[in-house]
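Quick notes on the structure that follows.
The values are calculated or read from the model by the stated rules, or taken from the named source; none is laboratory data. Just so we're clear, the structure is a prediction, and the values are computed from it rather than from any experiment. Positions of Cβ are backbone-derived with ideal geometry, glycine not excepted, and every protein chain shown enters the neighbour counts.
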């Protein structure tokens, strides 16, 4: 916040969502990472704007991600809360549709693009699922 940021993404080891929310404007976006619907409900009640949920699939980028939750884990999260759920962990263009089909609002991607021999093409493949990204705000 001292850096004049417009958003922050928190995890279980960071300050509580409520503590951050009390120091920022309503327009400030707060995300929270969890694969636990109970913790997600708590974050939502404290003012989180979205939940980053995963790892959905096996990922090489986060060694402490735990066992993948799969598509069903995303579906359970979507059904547990009312704020957007962003799927993360092992996301590829080929598995994006099934995540959106169960209600994920978006995907967070590192590995598929960074490890691609054609990162521009891979990015374009993802963007096909989000033809008007500003409409998702």
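Under 8 Å by Cβ, and 6 or more places apart or on different chains, what pairs join a residue from the range 88-114 that is at negative phi and surrounded by fewer than 18 Cβ atoms within 10 Å (Cβ to Cβ) with one that is part of a helix (DSSP H, G or I) and modelled with pLDDT under 95?
From residues that are at negative phi and surrounded by fewer than 18 Cβ atoms within 10 Å (Cβ to Cβ), the pairs are 105/136.
Check whether at least one residue in the range 71-81 is over 27 Å from residue 123 (Cβ atoms), part of a loop (DSSP other than H, G, I, E, B) and within 17 Å of the chain's Cα centre (by Cα), and report yes or no.
Our first condition is that a residue be over 27 Å from residue 123 (Cβ atoms); within the range 71-81, this holds for 72, 76, 79-81.
Now restrict to residues that are part of a loop (DSSP other than H, G, I, E, B): 81.
Subset that is within 17 Å of the chain's Cα centre (by Cα): 81.
Within the range 71-81 (the criterion being over 27 Å from residue 123 (Cβ atoms), part of a loop (DSSP other than H, G, I, E, B) and within 17 Å of the chain's Cα centre (by Cα)), the answer is yes, since at least one residue qualifies.
Return the only residue of 65, 43 being in contact with a strand residue (DSSP E or B) (Cβ under 9 Å, 6 or more places away or on another chain), crowded, with 19+ Cβ neighbours inside 10 Å, part of a helix (DSSP H, G or I) and in contact (Cβ under 8 Å) with a residue 24 or more places away in the chain. Talk me through it step by step, then tell me what you get.
On the way: 65 fails: part of a helix (DSSP H, G or I).
It is 43.
Kindly check whether there is at least one residue in the range 8-26 that is within 16 Å of residue 84 (Cα to Cα) and out of contact with any strand residue (DSSP E or B) (no Cβ under 7 Å at 6 or more places or on another chain).
no
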